[in-house]
Amino acid sequence: MKKFWIVLLALGLVAAFAMSASAADVKFSGQYYVQGIYIDNPYFQKDKTVAVQAFYHQRLRIQTEFKVAEGLSLVTRFDALETPWGDTNWSGTGNSNVNRPAWATAKEAGNSNSRVQENIEFERAYIDFTTKIGKFMVGYQNFVAWGTMFLDTHVTFPGIKYIVPIGPVTMVAAVEKRYEYNDGPGLQSDHDNDVYDLGAIYKFGAGDAGLMYQFANNRRTRSTGAASYTTQIHVLNPYVKAKFGSVYVEAEGVYGLGKMANYENAGAGTDVEASAWGAYVHAKADVGPGYVGGMFAYLSGDDPNTADKREGTMAYA
């Protein structure tokens with residue numbers, strides 16, 4: 001009988017610990033859409049060489065938030081059947097009911113026929129943890145989203161965010177792991193692509209303003225050959241949002257500088273300097289049942305005659 005009570009007590013303790021870690025609340029959100037797309041001239045060519053593109057496309061997106069305890073949540077998100085209608089490539093055969101691609105082995109080996117998504121793809125899974133010293137968000141989460149809608153793409157990357165309010169100012173720091181390389185023979189030891197963020201948001205009576213500094217350190221192009229180079233870009237990204245009576249105004253700017261190509265061997269090639277900028281302004285006024293407004297956006301372009309400079313299109317991801 002004594003052993004029975006000991007076992008029962010042990011089971012009770014296990015259950016107590018399990019209950020303390022179980023989700024107290026679960027919230028679901030998401031979206032489902034179907035859209036028809038028709039593109040007459042995809043590349044804006046004077047003499048079209050690319051056929052007209054016309055298709056239907058759909059996506060089901062589900063986000064789930066598991067509230068484990070006050071200030072602690074696990075957030076996940078997946079997309080399902082994100083595909084053009086009638087596209088059977090994801091199934092590997094002409095039969096869209098096939099669940100497993102015929103070229104699964106080649107796909108897993110990184111074959112060129114591989115598809116990123118087949119039926120269900122989990123895109124986000126991260127912990128949202130609020131403490132006395134600030135909020136931590138750890139895992140696959142939303143990045144490339146700051147300030148206004150200008151240049152926001154809401155891409156999922158693994159990383160760590162730290163957010164802490166200090167009076168009217170909120171400080172934001174993050175590290176993003178864009179690419180991780182498993183070092184192997186015949187290559188340089190460091191091939192990762194990391195991005196570091198440091199920003200501040202100031203809230204005032206009519207709105208808020210912020211400034212983000214971002215450093216991108218991309219070493220994916222390193223090799224043991226003479227043409228080994230890296231990319232280091234510094235980005236400044238200020239914004240402001242404000243409402244004055246019935247008028248709302250928002251603006252954002254971006255300026256990037258650094259080196260698109262920094263050759264490790266001085267004689268291997270000419271370094272490519274980076275210097276590009278963009279600006280965005282949006283204003284609207286409420287007028288009874290509707291509103292009127294305007295929007296302006298500008299991005300600097302690259303001059304093809306300056307091979308040693310990159311004045312635009314500084315995508316580094």
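The values are calculated or read from the model by the stated rules, or taken from the named source; none is laboratory data. All values derive from a computational prediction rather than experimental measurement. Virtual Cβ from ideal backbone geometry, glycine too; neighbours counted across all protein chains shown. We work out accessible area using only protein heavy atoms, side chains counted, and drop any ligands, DNA or RNA first. Shrake-Rupley method; radii C 1.70, N 1.55, O 1.52, S 1.80 Å.
Below are the figures for this structure:
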item	result
The stretch 228-250, residues that are under 19 Å from residue 286 (Cβ atoms) and of a type in the set (Gly, Ala, Ser)	242, 245, 246
One residue from 2, 107 being among the charged types (D, E, K, R), surrounded by 13 or more Cβ atoms within 10 Å (Cβ to Cβ), modelled with pLDDT under 50 and farther than 24 Å from residue 141 by Cβ	107
Tally of residues being open to solvent by 60 Å² or more (accessible area, probe 1.4 Å) and modelled with pLDDT of 95 or more across the stretch 150-166	4
First in the stretch 62-82 and open to solvent by 50 Å² or more (accessible area, probe 1.4 Å), second anywhere and assigned to a loop (DSSP other than H, G, I, E, B), Cβ under 8 Å, 6 or more apart	66/23; 67/23; 67/24; 74/23; 81/119; 82/117
Of all residues making up the stretch 271-293, the number that are touching a Lys or Arg at 6+ places or on another chain (Cβ under 8 Å) and more than 22 Å from residue 231 (Cβ to Cβ)	3
Conditions (1) within 19 Å of the chain's Cα centre (by Cα); (2) at pLDDT 95 or above; (3) of a type in the set (A, V, I, L, M, F, W, C); number of the one not met by residue 144	(2)
Condition check for residue 80: closer than 30 Å to residue 26 by Cα, at pLDDT 85 or above and within 23 Å of the chain's Cα centre (by Cα)	yes
In the stretch 274-308, the residues that are farther than 30 Å from residue 220 by Cβ and either at pLDDT below 95 or in a loop (DSSP other than H, G, I, E, B) (or both)	286, 287, 288, 289, 290, 291
Scan of the stretch 7-51 for residues that are at pLDDT 90 or above and either over 34 Å from the mean Cα position of the chain (by Cα) or β-branched (Val, Ile, Thr) (or both), ordered by number	26, 34, 37, 39
Residue list for the stretch 283-312, filter: farther than 30 Å from residue 243 by Cα, open to solvent by 80 Å² or more (accessible area, probe 1.4 Å) and under 28 Å from the mean Cα position of the chain (by Cα)	309
Top-ranked residue in the stretch 236-258 [being of a type in the set (A, V, I, L, M, F, W, C) and touching a residue at least 60 places away in the same chain (Cβ under 8 Å); ranked as farthest from residue 194 (Cα to Cα)]	251
Single unsatisfied condition, residue 231 versus (1) in contact with a Phe, Trp or Tyr (Cβ under 6 Å, 6 or more places away or on another chain); (2) closer than 29 Å to residue 208 by Cα	(2)
Near pairs, Cβ below 7 angstrom, 6+ apart or cross-chain, from the stretch 259-282 (within 25 Å of residue 240 (Cβ to Cβ)) to any residue that is open to solvent by 20 Å² or more (accessible area, probe 1.4 Å) and among the basic types (Lys, Arg)	275/309; 276/310
Condition met for residue 169 (within 28 Å of residue 131 (Cα to Cα), modelled with pLDDT of 95 or more and among the hydrophobic types (A, V, I, L, M, F, W, C))	yes
Strands (runs of 3 or more DSSP E) lying entirely in the stretch 206-273 (those with 1 or more residues that are touching a Ser or Thr at 6+ places or on another chain (Cβ under 6 Å) and surrounded by fewer than 18 Cβ atoms within 10 Å (Cβ to Cβ))	247-263
